[in-house]
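Below is one structure, written out as structure tokens; the observations come after it.
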Amino acid sequence: MEQVAEQLDALRFYLRTSADSDASTLYRLFHQGLADQLRGTRAATPIDMAWRVFDGLLAAVPGSP
């Protein structure tokens, strides 16, 4: 969990946070242009992008699949 916190801290400039209706933290990129660039195509859905970010964070944790 500490590694995920470190990665989020390193990415903090690019992320904006807000609270969901259940008080959990939501993360989004600070600008749509950055999201489009990282997505590489406008065809990817927000869910696809969320999974890519999740996979990247998970890959940063030692011993993850």
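Each reported figure results from applying straightforward, stated rules to the coordinates on display, with no laboratory input. Treat the numbers as computed from the prediction; the structure is a model and nothing was measured. Heads up, the Cβs are rebuilt from the backbone with ideal geometry, glycines too, and the neighbour counts pull from every protein chain shown.
Counting only C-alpha contacts under 8 Å and six or more residues apart, can you give the relative contact order of the chain as a whole percent?
Rounded, it is 34 percent for the chain.
Working out 0.36 nm times the residue gap between residue 13 and residue 31, then minus their Cα-Cα distance, what length gain in nm do you get to one decimal?
Full extension from residue 13 to residue 31 adds 5.4 nm.
Taking the Cα centre of the chain as origin, sum charge times position over the Cβ atoms of Lys and Arg (+1) and Asp and Glu (-1), and report the length of that vector in debye to the nearest 20.
In total the dipole reaches around 300 debye.
Under the classification rounded if a/c is under 1.5, otherwise prolate if a/b is larger than b/c and oblate if not, where does the chain fall, given a ≥ b ≥ c as square roots of the Cα gyration tensor eigenvalues?
Oblate shape, in that a/c is at least 1.5 and b/c is the bigger or equal ratio.
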